[in-house]
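Right, one structure below, let's go through it.
Just so it is clear, none of the values below were taken in a lab; they were calculated from the coordinates. The structure presented is a predicted model; accordingly, all values stated were derived computationally and were not measured. Counting neighbours? That spans all protein chains shown, and the Cβs are built from the backbone with ideal geometry, glycine included.
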Amino acid sequence: MASDGFTYVINLLLDISAAVHVPINLFAMGVVAQNTPLEMRYFGWTILNIMFWNFGCNFIFAFVHIKPMYPAECYRLDGLVKHFLDSEFVSQGLFCIEFVCVFNCLAANSFIFPLRYFSLVHKQRFVNIKPIRIAVGFAVVIIAIDFGCIINFLQWKVPYDEYPYPEELPSRKMVFCLMPDGFWHYSSLVLFLFLILETFTISRIFTTLIMRFLRKMEGVVHKKTLDIQRKLLKTIIFLTSFPVVFALIPLVVVDLALLFRHCRYTQEITMVVTVIAANHGVIYAVATLCTVHAYRKAVKNMLLKMFRRNTMHVPHVHAFLSVTHKY
């Protein structure tokens, strides 16, 4: 069982993460929504989709910290919510919402490479598709995933008083439990792991297909055009690496910890990787703004305007900004 001091540090880190993440992600979503060039609109949509579900996860984390109570397959809701609520039903509902946001974030990450492939390889056919149809297609996939997650969770949860191993149970306050064995326990873990691997596999397959297509176009398409497409692909791969390192790997660790929850330090490990996963959204947002030229330029212009407004009476600072603006 994690010590009170360790739990306090984890809660503090999650509070700081939420305080930093929420404004930065809102700012990043505003920049992407307003400054995505027309020819990159589908790329911008997928980025916004990822940021939105990241924001949903961290907004919940701002009020709710989910603490594993291993060896029991139970969780205690900590954070601000504990001062206002003490309901097993509400705890289950908040966990389910967080569960859905995580799955939707995984789905959103898996959209970006197929969309880029079809917009590049089947450009003429893709141009004729109305954007609303693509948006509806995304929504249908998201709703189907959400429906499956909710049904699975409803079968997985178990009332506190009906938990099959009462000797493992922690105190009741703000605690809810999941079935520690049986079909729904393992199907949930397999489903979670499947979606994680599916996200990585789809990204890898369509990256290979795009690279193969660009090689075929050598000598057919102007070299400058191919260089632009390769640069955009490298940008997408670079941005996707952040969810892989800071979200997918921690989620795999969480999944494995559930299987080996009786082992020593699994509770502490789960809490640490949760903090890492909770911070991947802000890292992704900052990386997106710094990497994509259109967004970087928009942020630079905002900063220049802000500094000019604040330094209009300081001539040497104004001169410095005028020079740096040329670069």
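Any idea which of CYS105, GLN92, PHE138 is furthest toward the positive side of the dipole for the range 4-291, if Lys and Arg beta-carbons carry +1 and Asp and Glu beta-carbons -1?
PHE138
Return the aspartates and glutamates within reach of LYS223: Cα separation strictly under 13 angstrom, same-chain partners fewer than 8 residues apart disregarded; answer none if there are no such residues.
none
Output the pairs from LYS130/LYS224; LYS67/LYS300; LYS67/LYS297; LYS224/LYS300 with a Cα-Cα distance over 32 Å in this structure; if there are none, say none. Mind dumping the intermediate values first?
Values: LYS130/LYS224 29 Å; LYS67/LYS300 40 Å; LYS67/LYS297 41 Å; LYS224/LYS300 26 Å.
Where the Cα-Cα span goes over 32 Å, the pairs concerned are LYS67/LYS300; LYS67/LYS297.
Could you tell me which of rounded, prolate or oblate describes the range 1-110, using a ≥ b ≥ c as the square roots of the eigenvalues of the alpha-carbon gyration tensor, with rounded for a/c under 1.5 and, failing that, prolate when a/b is larger than b/c and oblate otherwise?
prolate
Sorted from fewest to most neighbouring beta carbons within 10 Å, what does the list TYR163, TYR265 look like?
TYR265, TYR163
Could you tell me which residue out of MET174, PHE260, ALA62 lies farthest along the dipole of the chain toward its positive end? Charges go on the beta carbon: Lys and Arg +1, Asp and Glu -1, centred on the Cα centre.
About the Cα centre, the residue reaching furthest to the positive side is ALA62.
Sort CYS177, CYS74 by Cβ crowding within 10 Å, fewest neighbours at the top.
CYS74, CYS177
Go ahead and run the numbers for FRET between GLN124 and HIS222, Cβ-Cβ distance against an R0 of 22 Å, rounding to 0.05. Each step should come with its number before you reach the end.
Details: r = 18 Å, r/R0 = 0.81.
Rounded to the nearest 0.05, the efficiency is 0.75.
Convex hull over the alpha-carbon atoms of the range 85-203: what's its volume per residue in Å³?
111
Nothing charged except the Cβ atoms of Lys and Arg (+1) and of Asp and Glu (-1): what's the magnitude of the dipole of the chain about its Cα centre? Round to the nearest 20 debye.
2560
Calculate how large, on average over all directions, the projected area of the Cα convex hull of the range 4-291 is; give the answer in nm² to one decimal.
If I average the Cα hull's projected area over directions, I get 16.1 nm².
Have a look at the DSSP beta bridges in the range 4-291 and tell me what percent are antiparallel, nearest 5. Spell out each step's value before the answer.
Working: 9 of 10 bridges.
Looking only at bridges with both residues in the range 4-291, the antiparallel portion is about 90 percent.
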